[in-house]
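**Q** Structure in structure tokens, see below.
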2 protein chains.
Amino acid sequence: MAASIIDVAKRAEVSTATVSRALRGLPNVSAATRERVLRAAEELSYSVSPHASSLASGRTGTVGVVVPFVNRWFYSQVLAGIDSVLRAHDLDLLLYNLGDERVHERFFTRMPLRRRVDALIVLNLPLSAAESEALVSMEVPIAVLGSSIPGCWHVSIDNQEGASTAVRHLINLGHRRIGMITAAPGDPRGFTTPIVRQHAYRTVLAQAGIAYDPDLEVPGHLSIDEGASAMAQLLSLAEPPTAVFAESDHMAFGALRTLGRMGLTAPDDVSVIGFDDHETAELLDLTTIAQPVAHQGELLARQILDALSGGDEEPAQVVVPTRLVVRGTTGAAREHPPRYHSTPRPGPEPDQHSTTAR
Amino acid sequence: MAASIIDVAKRAEVSTATVSRALRGLPNVSAATRERVLRAAEELSYSVSPHASSLASGRTGTVGVVVPFVNRWFYSQVLAGIDSVLRAHDLDLLLYNLGDERVHERFFTRMPLRRRVDALIVLNLPLSAAESEALVSMEVPIAVLGSSIPGCWHVSIDNQEGASTAVRHLINLGHRRIGMITAAPGDPRGFTTPIVRQHAYRTVLAQAGIAYDPDLEVPGHLSIDEGASAMAQLLSLAEPPTAVFAESDHMAFGALRTLGRMGLTAPDDVSVIGFDDHETAELLDLTTIAQPVAHQGELLARQILDALSGGDEEPAQVVVPTRLVVRGTTGAAREHPPRYHSTPRPGPEPDQHSTTAR
DNA sequence: TGCTTCCATGCACACGTTTACAACGCGCCG
DNA sequence: CGGCGCGTTGTAAACGTGTGCATGGAAGCA
């Protein structure tokens, strides 16, 4: 049986109240008694019961983190950023992975984090209005990544600027026929990132005097395989693009794979630019828009810290910049782009793929 | 203010004891009253206070997961596996990321999980004897991945078999001069995986009648960059290997990068095999030893469930099999392997790299 | 009918802290 | 010399739930 505060009090010959104050470093306890208490606690190898403490004080010392997919690179990076800051302030991290649709639903009906956390961090989750409201009703500070909830703290990248930079990069290289592999189309819930990026894509094209062609926008659902299919679809057009902007590196990887399997090469045949600067983007020599991933996690955690300590300041919004990283998969447009009317080689076995330097 | 059990009791016109029993589905409560209680709770949108519940019952409904690096692919996958099982049983997941050495140390001096979790899952952590003992002293069931602690549950892959398979694959292709890029050498703590794999490598070579050459074993510290350096070192040997076994895919990626930068190709110049079947292994067409990653997480979580429910069975050990995945980076040995005495091209800018199909 | 058995329910305490409030001693100042 | 303020400590009441035990009543049985 672990020692309780009463045992410590007896051994130090003080009341439990004094023990509590001494251990938490409250000012109103004399140096001598504090010393005695600390020694007694040490000798009994005592540690406070977090549950009793929470119950009495109302504070839990815990922050809930809700993430759509822990096992994806992006979220695991953000999570690491969050963790590093929380840990430094002795806050615990209660993880909620909502990958499954059933789990997502269950989360919002049962609200298992209610009364369990001092604050909430929500990563990039498509939320319905009712769901946002349910979160707010927990009456704890909330920091949101990606989307936004009224009255909550907020961190995001400048998607408008990032996507514009990507498309401008391609235009500057001389490309006029530019495709986009987009994320999920028209999600009814409040997840605006794909919309903003798509808007930027269209706007920049328009500014460059390039006519809008809906055939050049193909959804890729953020996965490698879907990105590969999307690229195949683009290449099958009567007039295929000479450059493609994939709004995630994963989809860009898929696009590169399709190129390789068709015997094509980036950037010689098609230029490809991604978004994220995933760790393997460098390996594949992919030009991309980099965003500070772990850093965003740290910012979210810091906002929570502010909210928990300061208290009454109103929630702030932080926008972090993106950065163009030019690597080997984008290059100058050819004078006469070749026509590719071949179809991807089918077959279960892995095929070749390759990328070459600019 | 959130409703408490007393409010529910009043509204349902029963005692709090009955409310408690009804809500937890205990058998000894009549259907009629249970119905009344559930409705009252629903109307007040009541949810139990986890802290009060923990304090009273001694159970926390929480499992601590200690992981060295959340942001690495492997651990995030395992974490997802753990989460899926725990979630299905309404257990919360308290995450501890120990990446930093300071954090690691602090964790073991302060034991912040003590009295806070019902069980512990420890991922692949190099632990000193004192640290293992500290964990055991928490007196909760512990499931360990990779390493092993006496008296604890245990999941791991068959490293002996996996590594042997990798080396045999290379030998079967006709290779006689086979290098190995190893993980950290001689960690004084109880982390045996690299040792087992190295032993398998040496044993299989010996069984094939191939003389042991210490120059062919180079440490790569599990990172892409170090893996790249290791490959460079292997290629600079007077008699370089014709095939290389990297004991992690990350290091294999680095190895491929080095080959690419030197204008060499796998498997035409050097065959490369990795370990893990990382998600980008397929992209790079890397032959590798696959291990079921998320599945191991699920197994760990299930062990914990057994320990928490069953109770008195003694901890079991599960060994999951690995699987050879042949892709494009391994191929038959050449009759007369070329000599490469060039050094890697230096330079800050990214360089080409490529892989081709078998 | 009277006794036992069993189920449903209530009573009251325990769980281990935090914290408002009171009490106490001491020095200071009027 | 008395009162006042301040710093230190103790007292006791929450905090919200789980659970052993007692109670009451209905059903079963002789």
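The values are calculated or read from the model by the stated rules, or taken from the named source; none is laboratory data. Computed from a predicted model, the values in this text were never measured in an experiment. Neighbour counts run over all protein chains shown; Cβ positions are idealised from the backbone, glycine included.
**Q** Before we move on, is A:Leu216 surrounded by 17 or more Cβ atoms within 10 Å (Cβ to Cβ), over 30 Å from A:Val63 (Cα atoms) and in contact (Cβ under 8 Å) with a residue 60 or more places away in the chain?
**A** Numbers: surrounded by 17 or more Cβ atoms within 10 Å (Cβ to Cβ): yes; over 30 Å from A:Val63 (Cα atoms): yes; in contact (Cβ under 8 Å) with a residue 60 or more places away in the chain: no.
It is false that A:Leu216 is surrounded by 17 or more Cβ atoms within 10 Å (Cβ to Cβ), over 30 Å from A:Val63 (Cα atoms) and in contact (Cβ under 8 Å) with a residue 60 or more places away in the chain.
**Q** Regarding A:Val48, is this residue within 12 Å of DNA strand D (Cβ to nearest atom) and assigned to a loop (DSSP other than H, G, I, E, B)?
**A** On the way: within 12 Å of DNA strand D (Cβ to nearest atom): no; assigned to a loop (DSSP other than H, G, I, E, B): yes.
No, not satisfied.
**Q** Can you spot a residue in segment B:5-28 that is closer than 30 Å to A:His278 by Cα and polar (S, T, N, Q)? Spell out how you get there, then give the answer.
**A** Step one: list which residues in segment B:5-28 are closer than 30 Å to A:His278 by Cα, which gives none.
No: zero hits.
**Q** For the list (1) facing another protein chain (nearest Cβ under 7 Å); (2) small (Gly, Ala, Ser); (3) over 19 Å from the mean Cα position of the chain (by Cα), I need the number of the one condition that A:Gly61 fails.
**A** Among (1) facing another protein chain (nearest Cβ under 7 Å); (2) small (Gly, Ala, Ser); (3) over 19 Å from the mean Cα position of the chain (by Cα), A:Gly61 violates only (1).
For (1) at pLDDT 90 or above; (2) of a type outside the set (Val, Ile, Thr), each residue gets a yes or a no:
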site: A:Arg115; (1), (2): yes, yes
site: A:Ile121; (1), (2): yes, no
site: A:Leu127; (1), (2): no, yes
site: A:Val155; (1), (2): yes, no
site: A:Gly162; (1), (2): yes, yes
site: A:Gly179; (1), (2): yes, yes
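**Q** Take segment A:5-26 and flag every residue that is within 41 Å of the chain's Cα centre (by Cα) and more than 10 Å from DNA strand C (Cβ to nearest atom).
**A** Step one: filter segment A:5-26 for residues within 41 Å of the chain's Cα centre (by Cα), giving A:20-26.
Listed by number, the list holds a single entry, A:Gly25.
**Q** In segment A:231-242, which residues are more than 18 Å from A:Asp276 (Cβ to Cβ) and either within 14 Å of chain B (Cβ to nearest Cβ) or in contact (Cβ under 8 Å) with a residue 60 or more places away in the chain (or both)? Give the steps one after another, and end with the answer.
**A** Here is the first cut: in segment A:231-242, the ones more than 18 Å from A:Asp276 (Cβ to Cβ) are A:232-242.
A:Ala232, A:Leu235, A:Ser236, A:Glu239, A:Pro240, A:Pro241, A:Thr242, listed by residue number.
**Q** I need the full set of residues from segment B:26-45 which are surrounded by fewer than 18 Cβ atoms within 10 Å (Cβ to Cβ), more than 14 Å from chain A (Cβ to nearest Cβ) and within 11 Å of DNA strand D (Cβ to nearest atom), in order please.
**A** Once the filter is applied, which keeps residues that are surrounded by fewer than 18 Cβ atoms within 10 Å (Cβ to Cβ), more than 14 Å from chain A (Cβ to nearest Cβ) and within 11 Å of DNA strand D (Cβ to nearest atom), segment B:26-45 yields B:Leu26, B:Asn28, B:Ser30.
**Q** Identify all residues within segment A:138-189 that are among the acidic types (Asp, Glu) and over 20 Å from the mean Cα position of the chain (by Cα); write none if there are none. Step through it out loud before you land on a result.
**A** As a first pass, look at segment A:138-189 and keep what is among the acidic types (Asp, Glu): A:139, A:158, A:161, A:187.
Passing the criteria: only A:Glu139.
**Q** Still on this structure: Considering only residues that are at pLDDT 95 or above and part of a loop (DSSP other than H, G, I, E, B), look in segment B:60-69 and name the one that is farthest from DNA strand D (Cβ to nearest atom).
**A** Top of the filtered list is B:Thr60.
**Q** Follow-up question, since we're still on this one. Restricting to segment A:151-172, give me the number of residues that are polar (S, T, N, Q) and in a strand (DSSP E or B). It would help to see each step written out before you state the result.
**A** At the first step, the residues of segment A:151-172 found to be polar (S, T, N, Q) are A:156, A:159-160, A:164-165, A:172.
Okay, now just the ones that are also in a strand (DSSP E or B), so A:156.
Selection size over segment A:151-172: 1.
**Q** Provide a single number: the residues in segment A:294-336 that are crowded, with 23+ Cβ neighbours inside 10 Å, in a helix (DSSP H, G or I) and within 14 Å of chain B (Cβ to nearest Cβ).
**A** 3
**Q** Can you pull out every residue in segment A:206-230 that is over 21 Å from B:His278 (Cα atoms) and in contact with a strand residue (DSSP E or B) (Cβ under 7 Å, 6 or more places away or on another chain)?
**A** Within segment A:206-230, A:Leu216, A:Glu217, A:Val218, A:Pro219, A:Gly220, A:Ala230 meet the criteria.
**Q** When residues of segment A:72-97 are filtered for being touching a residue at least 24 places away in the same chain (Cβ under 8 Å), in contact with a strand residue (DSSP E or B) (Cβ under 9 Å, 6 or more places away or on another chain) and at the interface with chain B (Cβ under 9 Å from one of its Cβ atoms), how many remain?
**A** Within segment A:72-97, the subset touching a residue at least 24 places away in the same chain (Cβ under 8 Å) is A:73-75, A:77-86, A:89-97.
In the following step, the residues that additionally are in contact with a strand residue (DSSP E or B) (Cβ under 9 Å, 6 or more places away or on another chain) were identified as A:73-75, A:78-80, A:82-84, A:86, A:91-97.
From what's left, at the interface with chain B (Cβ under 9 Å from one of its Cβ atoms): A:73, A:75, A:78-80, A:83-84, A:92-97.
Going through segment A:72-97 one residue at a time, the tally reaches 13.
**Q** While we're looking at this one, here's another question. So, A:Val67, is that one closer than 30 Å to B:Leu79 by Cβ, of a type in the set (A, V, I, L, M, F, W, C), within 16 Å of DNA strand C (Cβ to nearest atom) and within 10 Å of chain B (Cβ to nearest Cβ) or not?
**A** On the way: closer than 30 Å to B:Leu79 by Cβ: yes; of a type in the set (A, V, I, L, M, F, W, C): yes; within 16 Å of DNA strand C (Cβ to nearest atom): no; within 10 Å of chain B (Cβ to nearest Cβ): yes.
No, not satisfied.
**Q** OK, next. I'd like to know if segment B:190-202 contains one or more residues that are of a type outside the set (Asp, Glu), without any contact (Cβ under 8 Å) to a residue 24 or more places away in the chain and over 14 Å from B:Glu247 (Cβ atoms).
**A** No, segment B:190-202 contains no residue that is of a type outside the set (Asp, Glu), without any contact (Cβ under 8 Å) to a residue 24 or more places away in the chain and over 14 Å from B:Glu247 (Cβ atoms).
**Q** Sticking with this one: Exactly one condition in (1) in a helix (DSSP H, G or I); (2) of a type in the set (Gly, Ala, Ser); (3) modelled with pLDDT of 95 or more is not met by B:Gly260; state its number.
**A** The failed condition is (3).
**Q** Report, ordered by the first and then the second residue, all pairs with beta carbons closer than 9 Å, sequence separation of six or more or different chains, a first member in segment B:39-51 that is closer than 16 Å to B:Asp92 by Cα, and a second member that is assigned to a helix (DSSP H, G or I) and more than 13 Å from DNA strand C (Cβ to nearest atom).
**A** Pairs found: B:Ser47/A:Arg110; B:Ser47/B:Ala41.
**Q** Still on this structure, please answer the following. Of all residues in segment A:8-18 being within 8 Å of DNA strand D (Cβ to nearest atom) and of a type outside the set (Ser, Thr, Tyr), which is farthest from the other protein chains (Cβ to nearest Cβ)?
**A** Keep residues of segment A:8-18 that are within 8 Å of DNA strand D (Cβ to nearest atom), which gives A:9, A:13-18.
Cutting the leftovers down to of a type outside the set (Ser, Thr, Tyr) gives us A:9, A:13-14, A:17.
Working: A:Ala9: 18, A:Glu13: 25, A:Val14: 22, A:Ala17: 19 Å.
This residue is A:Glu13.
**Q** Only one of these conditions is not met by A:Val117: (1) without any contact (Cβ under 8 Å) to a residue 12 or more places away in the chain; (2) among the β-branched types (Val, Ile, Thr); (3) more than 9 Å from every other protein chain (Cβ to nearest Cβ). Which number is it?
**A** (1)
**Q** Right, next: Scan segment A:54-83 for residues that are among the polar types (S, T, N, Q) and surrounded by 19 or more Cβ atoms within 10 Å (Cβ to Cβ) and jot them down. Show your work before the answer.
**A** Of all residues in segment A:54-83, those among the polar types (S, T, N, Q) come to A:54, A:57, A:60, A:62, A:71, A:76-77.
If the condition is that a residue be among the polar types (S, T, N, Q) and surrounded by 19 or more Cβ atoms within 10 Å (Cβ to Cβ), then A:Ser54, A:Thr60, A:Thr62, A:Asn71, A:Ser76, A:Gln77 are the ones that fit.
**Q** Determine, yes or no, whether B:Arg114 is of a type in the set (Lys, Arg) and assigned to a loop (DSSP other than H, G, I, E, B).
**A** Considered against the rule, which asks whether it is of a type in the set (Lys, Arg) and assigned to a loop (DSSP other than H, G, I, E, B), B:Arg114 comes out as yes.
**Q** What number of residues in segment A:127-143 are part of a strand (DSSP E or B) and without any contact (Cβ under 8 Å) to a residue 24 or more places away in the chain? So that I can check it myself, show each step before the final result.
**A** Looking only at segment A:127-143, we keep the residues that are part of a strand (DSSP E or B), and these are A:142-143.
After this cut, where a residue has to be without any contact (Cβ under 8 Å) to a residue 24 or more places away in the chain as well, the list is A:142.
The qualifying residues number 1.
**Q** Just checking, how many residues over segment B:8-40 are of a type in the set (Lys, Arg) and not in a helix (DSSP H, G or I)?
**A** Of all residues in segment B:8-40, those of a type in the set (Lys, Arg) come to B:10-11, B:21, B:24, B:34, B:36, B:39.
Pick out the ones that are also not in a helix (DSSP H, G or I) and you get B:24.
Residues meeting the conditions: 1.
**Q** Answer yes or no: is there a residue in segment A:246-253 that is within 14 Å of chain B (Cβ to nearest Cβ) and more than 30 Å from A:Gln317 (Cβ to Cβ).
**A** yes
**Q** Can you tell me which of (1) within 8 Å of DNA strand C (Cβ to nearest atom); (2) assigned to a loop (DSSP other than H, G, I, E, B) is the one B:Ala2 doesn't meet?
**A** (1)
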